[in-house]
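Notes for the one structure printed next.
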Amino acid sequence: MIEAAVVNNGLDGIIVAETKISQVDGQLGQLIICGFDAEELAFASTFEQTCALLWSSTQKVEASQSTLQKQFGKARRTAFELLQANPFILQQAHPMDALRTATSLLTGGTETDICEFARITGAIGFFAASWSRLHSGLPLSQPDESLSHAADFLRLLANEPPTDAQTKALDIYWTTVSDHGMNASTFAARVVASTESDNISAIVAAIGALKGPLHGGAPGPVLEMLNAIGTPENADKWLTDELNGGRRIMGMGHRIYKVRDPRAAIFEKAIRQLETTGQTSGQLALARAVEKQAEQLLAQRHPERPLKANVEFYTAVLLDAIGIPHNLFSTMFAAGRAAGWCAHIAEQRATGRLIRPASRYTGSYPSQS
Ligand code: COA
């Protein structure tokens, strides 16, 4: 019988790949995406430019904003035709279930070029917006291929053109969440790609992993929490009751960050920018007060372990301020993170090998007689 010395349940700190795509420094609270500080990139780039950067990390990609915009437009068109031919696919009540089903119909191979990655990433955003339309009583709508991915997404969602400030805020959101080290959904995508399975199978696995409340499913509950708390004075009692009931505070804590998640600050800045244009949901002050209180209560209960705001806390406030319905939050995350999943699939195909960890058997053995 061969036994591994240590069982690492959760793989904390285990390095499974070398990557040029992103770096998460949990002590410093820094996220680097393809050599750029995430905040700098978020305010300087469109989502298309971020995709070009991510998809160039393993191969040279010469892609301008207009080239990528065209590729994304084509992707939305193909996704529209797929939905027209299969109108039932978006009927599932949970948007992540619908997204997973619709994405699985894309099919395809193992190519790692920008046409392939724009085809996948563009379709995911289109599916999310179309799910929202259908579930709010609007008919399926054709994409406007002349618009950027963010602008067309918001146009489809609200059935009217977005403001420039809303489009910029969504570009900031998608760029910021586009990649984040070896998170669970990215790892899931890499595991599937490592078996030399096709790209869509890898992406569908990633969507499944992202759906969970410990990963991408938290921002909806964060907004529900803020709505339930209502005013800063109620925060202490509400949070204490949650913790006494054995429940976790959504949007707080992170496996890697020991300090505040740097993406929280990026989103706060984006919300303040939106507020200067008169676009506000008024939740920022409440969110800050609830965060402060939650941090204090968690520090009392877990002095050994810093539990601070993670990306999902201010995702809820930012997406709400842009005007995105809260049942769509996880699919919004998927629409941005798809860019990183694609980059990781390419990197895994180029540099990785079959991912196949070991387990320690604790069951019974056949009798010796
Ligand atoms: N609220 C209350 N307690 C929390 C907590 C939270 N948000 N996050 C962690 N803890 C506690 C756990 O209950 C556990 O306590 P115990 O040792 O007494 O059982 C301890 O901290 C360690 O938790 P663990 O689940 O081992 O940590 P992790 O590194 O696996 O967790 C998260 C990371 C993100 C899954 C976790 O912090 C969490 O569940 N957060 C809320 C969900 C969320 O916001 N998800 C989005 C992540 S980006």
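General remarks:
- Just the protein heavy atoms count here, and of the accessible area of the range 219-321 at 1.4 Å, carbon and sulfur take up 50 percent.
- Whole-number D in µm² s⁻¹ for the range 297-369, Kirkwood Cα-pair radius fed into Stokes-Einstein, 4 °C, 1.567 mPa s: 74 µm²/s
- Two-site label geometry, Thr240 and Cys115: point separation in nm, points 7 Å out along Cα→Cβ: 6.3 nm
- For the chain, the number of Lys pairs with C-alpha atoms closer than 26 Å, counting only pairs eight or more positions apart or on separate chains, is 20.
- Separation of alpha-carbon centers, the range 109-180 and the range 307-321, rounded to whole Å: 20 Å
- Cα-only Debye scattering, the range 31-153: base-10 log of I(q)/I(0) at q = 0.09, 0.18, 0.22 Å⁻¹: -0.27, -0.97, -1.23
- Ellipticity at 222 nm from helices only: DSSP H runs of n ≥ 4 in the chain, each -39500 (n - 2.57), divided by the residue count, give -18000 deg cm²/dmol.
- Assigned charges on the beta-carbon of Lys, Arg, Asp, Glu; the range 202-318 dipole about Cα centre (debye): 380 debye
- Note on the range 2-79 and the range 237-267: Cα centroid distance 24 Å, given to the nearest whole angstrom.
- For the range 219-321, the alpha carbon convex hull comes to 86 Å³ per residue, rounded to a whole number.
- Sorted peptide list for 13-23, 34-44, criterion being average Cβ within 10 angstrom, highest first: 34-44, 13-23
- Mean projected area of the Cα convex hull of the chain, taken over all directions, amounts to 21.4 nm².
- When all alpha carbon pairs of the range 1-42 are counted in 10 Å bins from zero, the resulting P(r) reads 23, 37, 23, 12, 4, 0 %.
- Distant-in-sequence amide H partners of Met252 (H built 1.01 Å from N, under 5 Å): Asn310
- Shape call, the range 12-81: gyration tensor on alpha carbons, a/c limit 1.5: prolate
- Projecting the Cα atoms of Thr46, Val192, Ala270 onto the dipole axis of the chain, where Lys and Arg carry +1 and Asp and Glu carry -1 at the beta carbon, places Val192 farthest toward the positive end.
- Karplus-derived HN-Hα couplings along the range 183-195 (A = 6.51, B = -1.76, C = 1.60, θ = phi - 60°), whole Hz, x at Gly and Pro: 5, 4, 6, 5, 4, 4, 4, 5, 4, 5, 4, 5, 8
- Packing order of peptides 315-322, 352-359, highest average first: 315-322, 352-359 (average count of other Cβ atoms within 10 Å over each peptide's residues).
- Derived scalar couplings ³J(HN,Hα) [the range 281-293; Karplus, 6.51 cos²θ - 1.76 cosθ + 1.60; whole Hz; x for Gly, Pro]: 9, x, 8, 4, 4, 5, 4, 4, 5, 5, 4, 4, 5
- Prolate/oblate/rounded call for the range 140-259, Cα gyration tensor, a/c under 1.5 rounded: oblate
- Estimated at 0.36 nm per residue, the fully extended path between Gln84 and Ala5 surpasses their Cα-Cα distance by 23.0 nm.
- Relative intensity, log₁₀ I(q)/I(0), of the range 124-191 from a Debye sum that treats every alpha carbon as a point, q = 0.17, 0.27 Å⁻¹: -0.70, -1.13
- Per residue, the accessible area of the chain comes to 45 Å² when a 1.4 Å probe rolls over the protein heavy atoms.
- Scanning residues 5 or more positions from Leu138 or on other chains, none has an amide H under 5 Å from its amide H, with H placed 1.01 Å from N in the peptide plane.
- Average Cα contact separation per residue, the range 219-321, under 8 Å, 6 or more apart, as relative contact order %: 45 percent
The values are calculated or read from the model by the stated rules, or taken from the named source; none is laboratory data. A quick note: this is a predicted structure, and the numbers were derived from the prediction, not measured. Note: ideal-geometry Cβ built from the backbone for every residue, glycine included; neighbour counts use all protein chains shown. Surface accessibility is based on the protein's heavy atoms, side chains included, excluding ligands, DNA and RNA. Shrake-Rupley method; radii C 1.70, N 1.55, O 1.52, S 1.80 Å.
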